[in-house]
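All remarks here apply to the structure that follows.
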Amino acid sequence: MPATTEERVIALLAGMTLAEKVGQLTQVNASEGYPPEYLGERLRSGHIGSVINQVDVDVVNELQRIAVEESHRGIPLLVGRDVIHGFRTIMPIPLGQAATWNPDLVQAGTRHAALEAAKAGVNWTFAPMVDISRDPRWGRIAESFGECVLLTSRMAVAMVRGFQGDDLSETGSIAACAKHFAAYGAVESGRDYATTNVPETKLRNVYLPPFKAAVDAGVATLMPSFSDLNGVPATGNEFLLTQVLRDEWSFDGFVVSDWDSIRQLQIHGLTENDRESAFEAATAGVDMEMAGDAYSDHLAGLVEEGRISIDAIDTAVANVLRAKFRLGLFEQSITNPAELPPFASEQALATARELALQSVVLLKNDPGTLPLCVDSLNSVAVIGPLADAPYEQLGTWIFDGDESLSVTPLSAIQSLVGDRADIRYVRAMENSRSKATEAFDEAIAIANDADVAILFLGEESILSGEAHSRADISLPGDQAELVRRIRETGTPVIAVILAGRPLTLTNVVDNLDAILFAWHPGAMGGPAIADLLFGVESPSGKLPATFPRMVGQIPIYYSQKNSGKPPSPDNVVRIDDIDTYAPQTSLGMSAFHLDTCFTPLFPFGFGLSYAWFEYSNIRTSAREIELGDSVTISADVTNRGDIAADEIVQLYCRDLVASITRPVKQLKGFRRVHLQPGQTATVEFDLHTDDLAFYGRDMRLTTEPGEFHVWIGGNSAMELRAEFRIIDSD
Ligand code: BGC
């Protein structure tokens, strides 16, 4: 009988020296500038287990050959690379992918990313990022799936499946990495790498579930976050990396540090030197060090001193070797690019286009604005810094993306309708941050002469992503002024906004007749946007994150708690309504800001369509269910528009009374349905009482009996509601 993976791991480990073991726990930067001879020498002596950032397949193959043929143990390498939303063919940023609410499509897009990365010799990526993100100031919200536990968890699973396929050892499958464990998205004031303080109930109910979903889906690796969680940086956090991950979740993959984050434990102020940092990280549960030398310099010494046991090292090495066996690297470590589809295949580009199409959210559409009817237009003014910016539409983290594949909105509009309407283009601003208004006159002139002005606004890719947080998330530069000036022409104004985060649009929304929010839509963003503008397709994206009215509202998210004094329209006061002399007692007495509304500008789950959908007849299959049973919740959805379109039907739930306070709404299900004009669908969701479980005061996952409210609708603010009760007759 052939040996099992575990037997092979044990057999291999048995012959390894301590130095070779530490080698397996060491990842080195192999990007350009790192001479292959240097790597070669360390590879031959078994001092490297993984390389990062080398994507020349010939170089990768040579490194693998040296590791396998010229080192003592012949252990192949893990070859890591960030493949965040596509490799060569760039798909929408993950936040945009989340806006599709279409996990199957996200999985398909990720599969193309895996196939392309594998063709370059990559067998491991650092994605998906599954950090719940409720702060749009944080630049890394672009890499996330937004604010919602369920939506993020579903997207996490979709991406893990896309990267890893049914079988990790299949050609084209690469190991995934769920990151950044955990609560990185909660960094104070959205400043990247800053502190996080998250109570354990919130950690377990909000931040950990997407990681658990990824682990249950078989994710091969995990990465702790750079940030400090409740006083213990995640890289040295035994509670996260051992208690939760190994003891509670039985994770049997491996943990890789973030870039040099082990040595940063000293900068955090947790340790005095690199040796202590290596000790803290290794004892907390970090198996492999990414791009640092704390492990290679100190682990062996710590073992020799007796501070770290050889068993602990063996466990970490076994975790790494297990992944290598599962990837089939011992059978096949050399990549034959010819076995994989070409880069930017027709299917990859088609999937990128479909993802872009489904990710765009229609935020506003005054009657008669969109879709544009080309037959009734003579001329169209295309204006703005992002109309024809092939690189910028790709978004953050696109190391290997091919900008030349980008089809910009301007060129897509020209190809779609250029033979039937006069398309005039003025960039108006050098870039989104520009404060120079000289070119506005030219833009105003073409808007004056046109039947419609389409403004391509937003942020370039450099304004979001790692270490690119903003304190003011309105349209940068003089874009609001550009909108105002174009508005004055009297020509209808449509904004297509490309950005890496939700923006505060309060100062432009009234000056726009329609707004399409396109995120950074990737290479095929242009054709997708053109199809939506001219009605070839109807928008169907829904917001994966709340759009605040102003920065001071942050954090604002749909699943907030009720508080003891919830705001409502009749118990809030506006600053402008306060009398000269105002005794304290006259002021509202509820949880609101005096200087803005207590609601967001656009709620989570929101997105319009060229059709419109009526929801009715919500019902539950039972008024009362026993703990351990399921209830079916259904509603009728009718397309009252005059075109066929997709709608994303959403189910929300509230646990009214519990031993710890529960959110006012939680997404519990969603489904994309396609309806013809006049067609009605009955959409059903089965909810098991386990789906309503949460971690309470005792930190155990429990469903508490009691009264529940459920809503079905097209966004998180809708009001069609039913009720049921969970009882426990035992
Ligand atoms: C990021 C990770 C990324 C790593 C490797 C770090 O700076 O935080 O998300 O995977 O770099 O590029």
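Some notes on this structure:
- The ranking of Met290, Met718, Met429 by Cβ neighbour count inside 10 Å, starting from the fewest, reads Met718, Met290, Met429.
- Mean residue ellipticity, 222 nm, helices only, the chain: the sum of -39500 (n - 2.57) across DSSP H runs of n ≥ 4, divided by residue count and rounded to 500, is -7000 deg cm²/dmol.
- Take the Kirkwood radius over Cα pairs of the stretch 280-324, plug it into Stokes-Einstein at 10 °C and 1.306 mPa s, and you get 146 µm²/s for translational diffusion.
- In this simple spin-label approximation, Ser616 and Arg73 carry label points 7 Å from Cα along the Cα→Cβ vector, and these lie 6.8 nm apart.
- Computing FRET efficiency as 1/(1 + (r/R0)^6) for Leu627 and Asp311, where r is the C-beta to C-beta distance and R0 is 45 Å, gives about 0.60.
- Crossing angle, helix 310-326 versus the chain [Cα axis fit, 0-90 degrees, rounded to tens]: 60 degrees
- Pairwise centroid distance, computed over Cα atoms, of the stretch 442-506 with the stretch 1-24, Å: 57 Å
- As a proxy for reagent exposure, ranking Cys373, Cys597, Cys653 by other Cβ atoms within 10 Å from fewest up yields Cys373, Cys597, Cys653.
- The chain, relative contact order [Cα under 8 Å, separation at least 6], %: 13 percent
- Charges were assigned to the Cβ only: +1 to each Lys and Arg, -1 to each Asp and Glu. The resulting dipole of the stretch 374-469 about its Cα centre is roughly 180 debye.
- Sorting 517-526, 661-670 by average packing, meaning the other beta carbons within 10 Å per residue, from highest down gives 517-526, 661-670.
- Volume per residue for the stretch 484-557 equals 108 cubic angstrom (convex hull of Cα atoms).
- Dividing the Cα radius of gyration of the stretch 7-78 by 2.2 N^0.38 Å, with N the residue count, gives 1.06.
- Given Lys119/Lys179; Lys364/Lys435; Lys202/Lys561, the pairs whose alpha carbons are separated by over 19 Å: Lys119/Lys179; Lys364/Lys435
- Projected onto its three principal axes, the C-alpha set of the stretch 204-346 covers 53, 39, 27 Å, listed from the longest axis down.
- Model label zone, Asp698; criterion: amide N under 19 Å from point 7 Å along Cα-to-beta-carbon; scope the stretch 705-730: 705-706, 727-730
- Our summary gives the stretch 107-230 a relative contact order of 32 percent, counting only alpha carbon pairs under 8 angstrom and 6 or more residues apart.
- Relative to the longest principal axis of the Cα atoms of the chain, helix 149-164 runs at roughly 50 degrees.
- Alpha-carbon Rg with Dmax, taken over the chain, Å: 26.7, 88
- Taking the average, over residues, of other Cβ atoms within 10 Å as the packing measure, peptides 89-101, 133-145, 602-614 rank 89-101, 133-145, 602-614 from highest down.
- Residues Ile578, Ile66, Ile413, Ile383, ranked from the fewest to the most other C-beta atoms within 10 Å, line up as Ile578, Ile66, Ile413, Ile383.
- Comparing the stretch 418-541 with the 2.2 N^0.38 Å rule of thumb, its C-alpha radius of gyration ratio is 1.05 (two decimals).
- Computed from the C-beta positions of Gln243 and Ile10, the FRET efficiency with R₀ = 35 Å rounds to 0.85.
- Overall form of the stretch 569-690 per C-alpha gyration tensor (a/c, 1.5; a/b vs b/c): oblate
- Förster radius 30 Å - calculated FRET efficiency between Ser474 and Lys202, Cβ distance, rounded to 0.05: 0.55
- The chain: angle of helix 294-304 to the longest principal axis, Cα-based, in degrees nearest 10: 40 degrees
- Charge dipole of the chain (Cα centre as origin; +1 on each Lys and Arg Cβ, -1 on each Asp and Glu Cβ, all else neutral): 960 debye, rounded to the nearest 20.
- Given +1 at the Cβ of Lys and Arg, -1 at the Cβ of Asp and Glu and no other charges, the dipole of the stretch 180-234 around its Cα centre is 120 debye to the nearest 20.
- Dimensions of the stretch 46-162 from C-alpha coordinates, computed as largest minus smallest value along each principal axis and given longest first, are 49, 24, 21 Å.
Bear in mind these aren't lab numbers, they're just calculated from the coordinates by the rules spelled out. Please read all numbers here as calculations on a predicted model, not as lab measurements. We place every Cβ from the backbone using ideal geometry, glycine too, and count neighbours over all the protein chains shown.
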